[in-house]
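To keep things clear, I will list the structure first and then write my remarks on it.
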Amino acid sequence: MAVQIGQTAPGFNLEAVVGTDFKNVKLEDYKGKWVVLFFYPLDFTFVCPTEIQEFSKRHGEFEAEGAQVLGASIDSKFSHLAWINNGLGKLNFPLLSDITKTVARAYDILDEEGGVTFRGTYIIDPEGKVRYALKHDNSIGRSVGEILRSLQALKTGELCPAEWKPGEEVLKPA
């Protein structure tokens, strides 16, 4: 069953690389904050580092919105650390290891045939409800700017038109 908008986000407790340390990260650790959870297929690939590095570069913008970014794949924490130390570089958010694929299945983002996750992004509100879900083909990278804009729009609690940006008018029903 796919994760539905408005439903409680599936919880998790996963090993992660935070900086260069191994730590357990739980979704409930971020109760009261917005969470941007993104899944990517595999470490040491071609498109994935462009997204991960962009999320890291723009992490301060997400923090300014009261949001925590979390990246996840089915790779081990050891693979994550090796990639960080050998090419990916320092990250400003945790990389979660879903080596059992349990969380990927809970979020309905696992490509069972291919054995890896699709590219998926979820925005979870401070009450733990899924407010945004996007899943797409692994051949294209996601727009981190659009994810940030969507978070900002969700935070208004208002009706935001296409291409809305912070500071612009929201829609007011008649």
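The values are calculated or read from the model by the stated rules, or taken from the named source; none is laboratory data. Owing to the predicted nature of the structure, the values given are computational and were not obtained by experimental measurement. Note that we place each Cβ from the backbone using ideal geometry, even for glycine, and neighbour counts take in every protein chain shown. Accessible surface is based on the protein model in full, side chains and every heavy atom, while ligands, DNA and RNA are left aside. Shrake-Rupley method; radii C 1.70, N 1.55, O 1.52, S 1.80 Å.
Residue by residue, here is whether (1) within 13 Å of the chain's Cα centre (by Cα); (2) within 26 Å of GLN4 (Cβ to Cβ) holds:
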site	(1), (2)
PRO41	yes, yes
SER56	yes, no
HIS59	yes, no
GLN68	yes, yes
SER79	no, no
THR102	no, yes
GLY114	no, yes
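Considering only the stretch 110-125, I want to know if a residue exists there that is open to solvent by 60 Å² or more (accessible area, probe 1.4 Å), at pLDDT 95 or above, under 28 Å from ASN24 (Cα atoms) and outside any helix (DSSP H, G or I).
Scanning the stretch 110-125, I find at least one residue that is open to solvent by 60 Å² or more (accessible area, probe 1.4 Å), at pLDDT 95 or above, under 28 Å from ASN24 (Cα atoms) and outside any helix (DSSP H, G or I), so the answer is yes.
Would you say ASN92 is in a helix (DSSP H, G or I) and surrounded by fewer than 21 Cβ atoms within 10 Å (Cβ to Cβ)?
No: the conditions fail for ASN92.
Need pairs with beta-carbon distance below 7 Å; first residue free of Cβ contacts under 8 Å to residues at least 12 places away in the same chain and within the stretch 151-171, second assigned to a loop (DSSP other than H, G, I, E, B) and open to solvent by less than 80 Å² (accessible area, probe 1.4 Å); sequence gap 6+ or separate chains.
Close Cβ pairs satisfying both conditions: ALA153/CYS160; ALA153/TRP164; CYS160/VAL170.
For the stretch 95-108, what are the residues that are open to solvent by 10 Å² or more (accessible area, probe 1.4 Å), in a loop (DSSP other than H, G, I, E, B) and at negative phi?
ILE99, THR100, listed by residue number.
Among the candidates GLU51, GLU63, GLU15, which residue alone is modelled with pLDDT of 95 or more and touching a strand residue (DSSP E or B) at 6+ places or on another chain (Cβ under 7 Å)?
GLU15
Within the stretch 127-174, which residues are surrounded by fewer than 16 Cβ atoms within 10 Å (Cβ to Cβ), assigned to a loop (DSSP other than H, G, I, E, B) and under 15 Å from the mean Cα position of the chain (by Cα)?
Within the stretch 127-174, SER143 is the sole residue that qualifies.
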